[in-house]
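The structure appears below as structure tokens.
Just so it is clear, none of the values below were taken in a lab; they were calculated from the coordinates. Computed from a prediction, not measured in an experiment: that's the story for all the values here. Quick reminder, even Gly has a Cβ in these numbers, built from the backbone with ideal geometry, and neighbours come from all protein chains shown.
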């Protein structure tokens, strides 16, 4: 992942949460914060006292190596957005 280094933080939206992509980002030394889609169900390895958890994202299958899993910290958040017009259709 050229262009990224250990002094950088990559912010990405849903759709950029593929384990192979994130593995390449991690290999560059950069940190990442990625919004994942609701269908993503990572395997929880360890729950932390602050409500976050350490999980493993399954990677693509590779012959002789199996499914490489990427360990990632997960913070769940729910966001509610209201239109600036108070919800009225105009």
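Tabulated data
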{"quantity": "Label point distance in nm, residue 80-residue 60, each placed 7 Å from Cα along Cα→Cβ", "calculated": "4.1"}
{"quantity": "Mean Cα-pair separation over length for the chain, i.e. relative contact order, pairs under 8 Å, 6 or more apart, %", "calculated": "21"}
{"quantity": "For the chain, built as a Gaussian network whose Cα springs stay under 10 Å, the top-fluctuating residue of 63, 55, 27", "calculated": "63"}
{"quantity": "Cα convex hull of the chain, projected area averaged across orientations, nm²", "calculated": "9.2"}
{"quantity": "Within a Gaussian network of the chain (alpha carbon springs, distance under 10 Å), most fluctuating of 45, 31, 65", "calculated": "65"}
